[in-house]
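Below is one structure, written out as structure tokens; comments come after it.
None of the figures in this text is laboratory data; all of them are computed from the coordinates on show. Quick caveat: nothing in here was measured; it's all calculated off a predicted structure. Neighbour counts run over all protein chains shown; Cβ positions are idealised from the backbone, glycine included.
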Amino acid sequence: MFDFAPTADADKITLYDDLLSAADALTAGEADAIANMANISALIWQFLPDLNWAGFYRMVVGELVLGPFQGKAACIRIPLGKGVCGAAAASGQTQLVEDVHAFPGHIACDAASASEIVVPVMREGRIAAVLDLDSPLPARFDEADRTGLELLIARIGSRLA
Ligand code: SME
């Protein structure tokens, strides 16, 4: 049994420190990327407040395909360049979207989503997957979230792809 828990009343930096330590411990020595994506989705869901979706899309033969996640059932395939996930995959850059309704081509899997952040997972210089978090709150994600999530992927990304 794993008993990871965020520090009570943690600020964002402490929260991401706790999340990184838990994610590192949970994936260390495990080579199965799908199992690791499943556990990282669950950890993010447990640690970060105000989310309505947290999970992965994997790059499979030129398009993004739904991977392990927490939240409501979601669209299965996203072409490169489409939506927030496709933009992250096409550019290799994190997409931080304060208002999804203002993002051209946003794909609404859950009508409750108001803001979103998508972080690319690179493997040998190529996009291998994206980490996608959605929130029902407008502007839920900020630069501290971008930094925390990019550090998380930098630390354990090689175990996810
Ligand atoms: N909103 C995403 C689609 C995936 S769901 O949010 C789970 C997008 O625009 O790419």
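When 82, 72 are checked against the criterion of being under 16 Å from the mean Cα position of the chain (by Cα) and among the basic types (Lys, Arg), 72 stands alone in meeting it. Summed over the range 97-132, the residues that are surrounded by fewer than 19 Cβ atoms within 10 Å (Cβ to Cβ), in contact (Cβ under 8 Å) with a residue 40 or more places away in the chain and within 13 Å of the ligand (Cβ to nearest atom) give a count of 3. A single member of 54, 23, 87, 42 is more than 21 Å from residue 143 (Cα to Cα) and aliphatic (A, V, I, L, M), and it is 42. Residues considered: 158, 135. Of these, the only one that is among the polar types (S, T, N, Q) and more than 16 Å from the ligand (Cβ to nearest atom) is 158. For residue 88, the criteria (1) within 12 Å of the ligand (Cβ to nearest atom); (2) in a helix (DSSP H, G or I); (3) touching a Ser or Thr at 6+ places or on another chain (Cβ under 9 Å); (4) under 17 Å from residue 158 (Cα atoms) hold in every case but one, which is (4).
For the range 34-62, a tally of residues being touching a residue at least 12 places away in the same chain (Cβ under 8 Å), outside any helix (DSSP H, G or I), more than 12 Å from the ligand (Cβ to nearest atom) and not small (Gly, Ala, Ser) returns 4.
Residues checked against (1) out of contact with any Phe, Trp or Tyr (no Cβ under 9 Å at 6 or more places or on another chain); (2) exposed (fewer than 14 other Cβ atoms within 10 Å of the Cβ); (3) not charged (D, E, K, R):
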{"position": "3", "(1), (2), (3)": "yes, yes, no"}
{"position": "6", "(1), (2), (3)": "no, no, yes"}
{"position": "9", "(1), (2), (3)": "yes, yes, no"}
{"position": "18", "(1), (2), (3)": "no, no, no"}
{"position": "39", "(1), (2), (3)": "no, no, yes"}
{"position": "50", "(1), (2), (3)": "yes, yes, no"}
{"position": "54", "(1), (2), (3)": "no, no, yes"}
{"position": "62", "(1), (2), (3)": "yes, yes, yes"}
{"position": "93", "(1), (2), (3)": "yes, yes, yes"}
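Counting the residues of the range 64-85 that are surrounded by 14 or more Cβ atoms within 10 Å (Cβ to Cβ), within 10 Å of the ligand (Cβ to nearest atom) and of a type in the set (A, V, I, L, M) gives 5.
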